[in-house]
1. For Leu133, which of the numbered conditions (1) open to solvent by 30 Å² or more (accessible area, probe 1.4 Å); (2) touching a Ser or Thr at 6+ places or on another chain (Cβ under 6 Å) fails to hold?
2. Can you tell me which residue is modelled with the lowest pLDDT among those in region 280-297 that are under 22 Å from Leu203 (Cβ atoms) and not in a helix (DSSP H, G or I)?
3. Among the residues in region 298-306, are any open to solvent by less than 30 Å² (accessible area, probe 1.4 Å), in contact with a helix residue (DSSP H, G or I) (Cβ under 8 Å, 6 or more places away or on another chain) and at pLDDT 85 or above?
4. Just to be sure before I move on: is Ile218 in a strand (DSSP E or B) and among the β-branched types (Val, Ile, Thr) in the structure I sent?
5. Between Glu116, Glu97, which is charged (D, E, K, R) and crowded, with 18+ Cβ neighbours inside 10 Å?
6. (1) within 17 Å of Asn141 (Cβ to Cβ); (2) open to solvent by 70 Å² or more (accessible area, probe 1.4 Å); (3) at pLDDT 85 or above; (4) not small (Gly, Ala, Ser): which one isn't true of Lys84, the others all being true?
7. State which residue pairs qualify: first residue modelled with pLDDT of 85 or more and of a type in the set (Phe, Trp, Tyr) and inside region 13-28, second residue surrounded by fewer than 20 Cβ atoms within 10 Å (Cβ to Cβ) and not in a strand (DSSP E or B) in any location, beta carbons under 6 Å apart, and separation of 6 or more residues or different chains.
Amino acid sequence: MARAEKYYGGMKGGVFRRGRIWWICYRHAGKTVYESSKSTKRQDAVDLRESKRTQARAGILVPDARHVTFEDLLEMLKVDWTAKGNRSTPNIGHIKEHFAGWKAVAITTDAVRAYEASRLAAGAARSTVNQELAGLRHGFNLAIEAGRLASKPVIKTPTPNNARKGFVTPQQFMQVAEELPEWARGPWGFAYLTGWRCRSEVLPLTWKDNIDWRAGVIRIETSKNGKPREFPFAGYPPLAQLLQAQHQQQDGPFVFHKDGERIQYEKFNKARRSACRRAKVDAIAHDLRRTAVRNLERAGVSRSVAMTLTGHQTEAVFRRYAIVDSVAQREGVA
């Protein structure tokens, strides 16, 4: 501290000035820490030093927090996703672009709210923005757990008003299938019959790891809810025929492929959009999941069994998918 007083031209009350900027000096974990207040006002430095001393007394002081960047948060997220063996990663492309180069401490509650408002104003869906914000929040949580940050901004993800309403009728399913390229018809039909998620559960399937011909079941060890799942196909002719047709076209390890290579979801989704446009059918891939849930309910499959087949962990989420449409209501009245 004596060297600092000599170099910086004197110190009083743990604050000193270097050029026009005021700095602070304090002791933490047996070391002398110097930190810029980034202000030309002495009172700002005094307030910052008192804040540091308060954090130190509370045991939450992290002197190097100012060095943590947004990219550091992304790296921790990547390591966490890999460690958990996640099949897919959250969609954080827009938030990654927006906060690139930011210091973590600069991502304040106001900065997060401004980002949220700009995304919604640009027409992004509430659920999409929630995914982005949840990824950011998890990054901050990981940094705090690692002792690299002491606090995080308030990041809220309000429940979107997204009651599930989209279904695909058998006729619509066939209309879209006829417009799809041949390599995309398999995953389209599999998702319609099983209700499994295209991106993380259908497209990654391999013959060796997931298809058990002897037992007549499809198995995945991990899913979005973290649990293994089985779907019997031996007694389900449409699904068995689909798998047999795919097996006759086997070219590599993947059940669904294009020229032997795994089909990327973005490529499949692009083909789906084009097919729906030509077929004049308004349907997204997730509508197939909702349709499968509805079909299971209509077939009289118990809710507990249906949930194990489709991979819904809670009944509350399952009920959001099991909406009775107007056709079923008319049939019920009749």
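The values are calculated or read from the model by the stated rules, or taken from the named source; none is laboratory data. All figures in this text were calculated on a predicted structure; none of them were measured in a lab. Don't worry about glycine lacking a Cβ; one is built from the backbone with ideal geometry, like all the others, and counts go over all protein chains shown. Protein only, heavy atoms only, side chains kept; ligands, DNA and RNA dropped before computing areas. Shrake-Rupley method; radii C 1.70, N 1.55, O 1.52, S 1.80 Å.
1. The number of the failed condition is (1).
2. Of everything passing the filter in region 280-297, Ile284 is modelled with the lowest pLDDT.
3. no
4. yes
5. Testing whether each residue is charged (D, E, K, R) and crowded, with 18+ Cβ neighbours inside 10 Å leaves just Glu116.
6. (3)
7. Phe16/Tyr8; Trp22/Arg42
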